[in-house]
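Written out below as structure tokens is the structure these notes cover.
Taken together, the values in this text are just the output of simple stated rules run on the coordinates, not laboratory data. Keep in mind that what you see is a predicted model, and the values were worked out from it rather than measured. As a convention, Cβ positions derive from the backbone with ideal geometry for all residues, glycine included, and neighbour counts pool all protein chains shown.
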Amino acid sequence: MLTAITAPTISRPDPIAESTIMHRSITTSAPGKLILFGEHAVVHGKAAVAAGLGLRTAVKINEYNVESSHDSLEHDDSIGDQGGLVQVDRDTIRFSTKDVQDLDVKWSIQEVKDLSLLIDVRLEECGKPLAADIEHITQFVHDTIGGESVCPTALVAAAVFLYLYICTGSCSKHTAAQTQPNNNTSTERNTDVRTEIDTHPNTDISANIDLVRDNTRCRKMRVMHAHVKSQLPIGAGLGSSAAFSVALAAAMLASGGQIRNLCSMDMEHEIEDDTKDVKIVDSNTRNSQDNDCGETGDKKLANEMQSEPAIIAWSSEEQEIINVWAFAAECIIHGLPSGIDNTVSCYGSAIRFQRGAPMQNVDMPKLKIYLTNTMVPRSTKLLVAEVRRRRDLLPSVVDPILIAVENISLKALDILQTLLKVNATAVVSQLFSELECLVDLNQGLLQSVGVGHPSISNVVEITRQLGFHTKLTGAGGGGCTMTLIPSGTDGAAIAQMNSALRAEGYDVWETTVGGSGVVQHSSDPDWLHIL
Ligand SMILES: Nc1ncnc2c1ncn2[C@@H]1O[C@H](COP(=O)(O)OP(=O)(O)O)[C@@H](O)[C@H]1O
Ligand SMILES: C[C@@](O)(CCOP(=O)(O)O)CC(=O)O
């Protein structure tokens, strides 16, 4: 039964008596993304360019060892280096997110176990969860925490949490693993996972699938409390859903054992000796790549994050597994997205992404971008549907537009590569002029397929009058825009633009792109203590 509370702290079922038991923590984070060129066209199989942002979403799972608590309340080393004694509701799975209605919801282990029996835990060929699985989860979420005071955003977030919890932990003969990093194929297994995997022709892929296979044998319910906290605006086109999906998938997979918990006691030796498998991301290196959060946004959080200790990245095989499940989560949120958001959030840096082709990392100059949040909410799902509607209606007109958008992305990639190699001011300036022209063209084409908005046009016009070039980024229909700042731009001009946009009530901040992908935090940085 739902206890509806104004800011929905949802307590159901009634808390089971608190007990002191051991726990371990797994903390992950993943970045938002900026689509530089090619949004929407990418949904229709065209190439696009995107990069990771410095703003991130963090997930912290506290997992409780109820069994060992029955025998002893002393510290159990096997539980990990962040183990300890805590007060916790026994037999409860809890999910809290500060960002969506301050949601705090609990289910009993038994009811989630019952739900898990209905879930097939397989993915369709395209990487999407089975429709029946989504239906069961959605129905369960509505029945258990649905109510007028709970917004759809919160319900979807809870559904994603439960889906990933079940897929990474429940007992099932079935499992799923996609064999391409771009989410285009999946390997469906009904009964004998091993036979199918062992005959797979691609050895790299079978290494990946081994990780999944190992853990199909030991799925179990876990008493846990997962917390989510994001630095990203939600629903503004900066990939908050992908950062949420990637960080949550990574934490759940590490908790379920499908990928390594990089911070457990027995990993310490490996971290020292095997740096090719476990990448320590030096915080100084990361700081030089990640964006400074600028004058607005959650500046305090971003500053605290930049002074954090080392963070650790998974191997590429493990990243691939994270990406598969993150894409599945994205499908619950968006229907059938292109996969660009979760891929860039997972791998970080900058990528050229095209459905059906291997993802390509791109070396990118340190581009300075101004982000403006129009504060107009919109639905990615509906905007993607609108482009599809126009394409279905007038394919001979819309298809060439999508091709033109792809050509913009490809030309931009070309220019960005060239910018890395040249120094001469005149050449750099010419290349930026070309990039600015591409920004204008891309914006015009996006407008023509129905994803513009008066607020976006307003930002485009204000910045144009001050000599800057702006396009929407992400789904459009409101959300965020990106304004290119060519190298050597006068600070006074930027300040003028900043004031003009703020005067309209928009949130504005400067960023650079290309930060780290998904990582595990070896110890909680200050900015996570709020979790
Ligand atoms: N920090 C978060 N906690 C819980 N859910 C989140 C969080 N961030 C994003 N989401 C989920 O992602 C959805 C937002 O996706 P979308 O509208 O595409 O926005 P964006 O452009 O920011 O990705 C939300 O409805 C919510 O379900
Ligand atoms: C419009 C699209 O290209 C990007 C959507 O980005 P966002 O949900 O606005 O962050 C959709 C997609 O790639 O699936």
For the range 367-512, size of Cβ-based charge dipole, Lys and Arg +1, Asp and Glu -1, in debye: 340 debye
Descending Cα extents along the principal axes, the range 367-512, whole Å: 47, 36, 22
Listed residue (430, 491, 383) projecting farthest to the positive dipole end of the range 367-512, Cβ model: 383
Farthest toward positive dipole pole in the range 367-512 [+1 Lys/Arg, -1 Asp/Glu at C-beta], among 460, 394, 480: 394
Whole-Å distance, taken between Cα centres, linking the range 236-254 and the range 365-438: 24 Å
Exceeding the 27 Å Cα-Cα cut-off - candidates 33/106; 60/113; 46/229; 128/411; 46/366: 33/106; 46/229; 128/411
